[in-house]
Amino acid sequence: MAFDPPYASPRSVTVFFERRELDRLLSLYGRMVAAGEWRDYGIDGLAEAAVFSVFKRASEAPLYRIEKRPSLARRQGAWAVIGHGGLVLRRGHDLEQVLRFFDRGRFKVVD
């Protein structure tokens with residue numbers, strides 16, 4: 001008789017990033033750390049979303065949250081960049097398109 005642990009119930013499916021998505025997020029994170037913009041990150045796998053949070057300091061609230069919500073894939077798009085305070089800054093169907101938000105000229109290293 002097989003024993004299924006309580007945390008492996010079919011109702012508790014956790015949304016998480018695929019390897020390709022996580023590689024892209026960590027690549028962006030590395031670039032922003034090198035520019036001195038970000039210092040820490042956190043990853044959460046929840047029942048309704050996967051969240052990649054970035055911080056200027058680990059003791060503060062996240063600067064940005066990059067969320068993957070599969071339930072919104074057909075409507076607004078599964079991907080979103082959410083700023084400090086919960087403001088949705090960019091939303092879309094494709095991760096690359098949403099991450100272009102960080103490619104704009106607003107992030108420059110100043111001496």
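The values are calculated or read from the model by the stated rules, or taken from the named source; none is laboratory data. Since the model is a prediction, treat every value here as computed from it, not as a measurement. We place every Cβ from the backbone using ideal geometry, glycine too, and count neighbours over all the protein chains shown.
So residue 80 fits all but one of (1) part of a loop (DSSP other than H, G, I, E, B); (2) of a type outside the set (Val, Ile, Thr); (3) touching a strand residue (DSSP E or B) at 6+ places or on another chain (Cβ under 8 Å); what number is the exception?
(1)
Which members of the range 72-99 meet the condition of being under 18 Å from residue 38 (Cβ atoms) and either basic (Lys, Arg) or at pLDDT below 90 (or both)?
Matches in the range 72-99: 84, 85, 90.
Restricting attention to the range 26-41, report how many residues are farther than 11 Å from residue 102 by Cα and in a helix (DSSP H, G or I).
Selection size over the range 26-41: 5.
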